[in-house]
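Colleague: One structure coming up, written as C-alpha cells, with questions to follow.
The values are calculated or read from the model by the stated rules, or taken from the named source; none is laboratory data. Here the structure is a predicted model, which is why all the values come from computation and not from measurement. Cβ coordinates were reconstructed from backbone atoms using ideal geometry, including for glycine residues, and neighbour counts include every protein chain displayed. The accessibility values were calculated without ligands, DNA or RNA, using every heavy atom of the protein model including side chains. Shrake-Rupley method; radii C 1.70, N 1.55, O 1.52, S 1.80 Å.
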Amino acid sequence: IYGIKYVSTGNVTITNSAFLRNGVSSTSEYSGLQINSSGSILLNGVTAYGNAGNGGSFLVDGNLLLIRNSVFSGTIDTWDLAGWGFGVYTHAPANSLAAITFDNVILNGNEADGAYLQTGGNITLNRVYAANNGQHGVYISGDYNVDSVGATNVTVANSTFTSNSDTNLEIHASGAVKVTNLYSTKSVSGRGLYVNNHTYNSIPVPVTILGAFLIGNAQDGAFIGSDGTITVAGITALENGWDGMYLDNWWSLGSTGNIIVSSSLGLNRFNGNTGG
C-alpha cells in the first residue's frame, strides 16, 4: 500500500510522480510515499494527495532531503492516531546531520502539520506555501508533539503561511535563524511566527527577520526568544491578537545580544495589535 517502502541504502530520486489516496480502506494509517534511506533523498515534481496517514514520510539519515516543485495536500488521519495526518513527516536518528531543503513546495489542507521537520543538520525553506493545515503550517522540533531542538541553522525565504490552526511557522533550533520576505497571516489559534534558539545551545546565536507581513494572527504576530542579537527590519505587524512582535533576549543569564529594530528596509509598522 506504500508508494515506496523501506529503501535502506543508497540515494533515492523521484521525479514527476503522484501518490494518491493510499490507505483509504480505513483499516490502518499509510503514507502515500515512505522512504527510509541512509543516502540522499531527492524529489522533484511530486504530488501526494488524499492519503490516509501521511502524504510523505522520510527517514533522513543521509546527506540531504531535497523536495522541489511538489505538493502535499489533503492528508487524512483516518484513525486519529498520534504521528499521522502530516503533509510531510520526517524522522532523523540522533546522530543525523542531514540537511533538509524545500524549494517551491505547497503544503495545503492536511489534518496535522503541513510539514513536521526534524534533523540535526540545517533546514532551508524557500518559496514554501503552507495553508489551511489542522496544526502548524511548518513545525521544526525534535518531536512532533513536544517542543525541542529540531535543527541547527534555519533559513526561510520568500514563503507564505496562512490560516493554519496552530502557529503558522514554529522553529526550535540550536543555530542561527534567518527569515526574509515572510507572509504569515490568520493563524487560527497561534502565532504568525515563533522562533526559539536560546534553549538549545551554550553559545548565543542570532535571529534575523528581514521583511515580514504578520497580520491577523490569533496570538503574537511573531515571538522571538534568543540569547544572541535579534535584528528585525521591514516589519508590518497589524491586527494580531497579542503583540505585533515580542522580542526577548533576556530569557536566561547567558544573554549577550542586542535587540535592533532597523529602518533599513523602510518604516516598521506595529498597529492595531490587541496586546501592544
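Colleague: Can you list the HN-Hα couplings for the range 210-216, worked out from phi with the Karplus curve (6.51, -1.76, 1.60; θ = phi - 60°), rounded to whole Hz and with x for Gly and Pro?
Modeller: 10, x, 8, 9, 10, 9, x
Colleague: How would you rank 34-47, 80-93, 263-276, highest first, on the average number of other Cβ atoms within 10 Å across their residues?
Modeller: On the way: 34-47: 19.4, 80-93: 20.9, 263-276: 12.4.
For the peptides 34-47, 80-93, 263-276, the packing ranking is 80-93, 34-47, 263-276.
Colleague: To continue, here is another question. Whole angstrom only: what separates the Cα centroid of the range 184-229 from the Cα centroid of the range 53-110?
Modeller: 22
Colleague: Would you please classify the overall shape of the range 1-148 from the alpha carbon gyration tensor, given that a ≥ b ≥ c denote the square roots of the eigenvalues, rounded means a/c under 1.5, and beyond that prolate means a/b larger than b/c while oblate covers the rest?
Modeller: Working: a/c = 1.32, a/b = 1.21, b/c = 1.09.
Taking the square roots of the gyration eigenvalues as a ≥ b ≥ c, the range 1-148 is rounded.
Colleague: Report the charge-dipole magnitude of the range 174-270 in Debye, nearest 20, computed about the Cα centre from +1 at each Lys and Arg Cβ and -1 at each Asp and Glu Cβ. Walk me through the intermediate numbers first.
Modeller: Working: 4 positive and 5 negative charges, 43 e Å.
Computed charge dipole of the range 174-270: roughly 200 debye.
Colleague: Toward the positive end of the charge dipole of the range 1-122, about the Cα centre and with charges on Cβ (Lys, Arg +1; Asp, Glu -1), which of TYR116, VAL71, ALA94 goes farthest?
Modeller: It is VAL71, whose Cα lies furthest towards the positive end.
Colleague: Would you mind counting up the charge near ASN196? Only other residues with Cβ under 9 Å from its Cβ, with Lys and Arg at +1 and Asp and Glu at -1. Show your work: numbers first, answer last.
Modeller: Values: positive: none; negative: ASP147, GLU170.
After counting each charged neighbour, the total is -2.
Colleague: Using only Cα atoms, what is the ratio of the radius of gyration of the chain to 2.2 N^0.38 Å?
Modeller: On the way: Rg = 18.2 Å, N = 276, 2.2 N^0.38 = 18.6 Å.
Expressed relative to 2.2 N^0.38 Å, the Cα Rg reads 0.98.
Colleague: Among ASP113, ASP243, what's the order by accessible area (1.4 angstrom probe), most exposed first?
Modeller: Listed by decreasing accessible area, they come as ASP243, ASP113.
Colleague: Explain nothing, just the number: dipole magnitude of the chain about its Cα centre with +1 on each Lys and Arg Cβ and -1 on each Asp and Glu Cβ, in debye rounded to the nearest 20.
Modeller: Roughly 660 debye for the chain.
Colleague: Any chance you could look up the accessible area of ASP248 with a 1.4 Å probe, heavy atoms only, rounded to 10 Å²?
Modeller: My reading of the accessible area for ASP248 is about 30 Å².
Colleague: Take the range 65-183, drop everything but the C-alpha atoms, weight them equally and run the Debye formula without solvent; then report log10 I(q)/I(0) at 0.14, 0.15, 0.20, 0.21 Å⁻¹ to two decimals.
Modeller: Debye curve over Cα of the range 65-183, log10 I(q)/I(0) at q = 0.14, 0.15, 0.20, 0.21 Å⁻¹: -0.49, -0.57, -1.05, -1.16.
Colleague: Still on this model: In terms of the ratio Rg/(2.2 N^0.38 Å) built on C-alpha atoms, what value belongs to the range 172-276?
Modeller: Values: Rg = 13.0 Å, N = 105, 2.2 N^0.38 = 12.9 Å.
Ratio of Rg to 2.2 N^0.38 Å for the range 172-276: 1.00.
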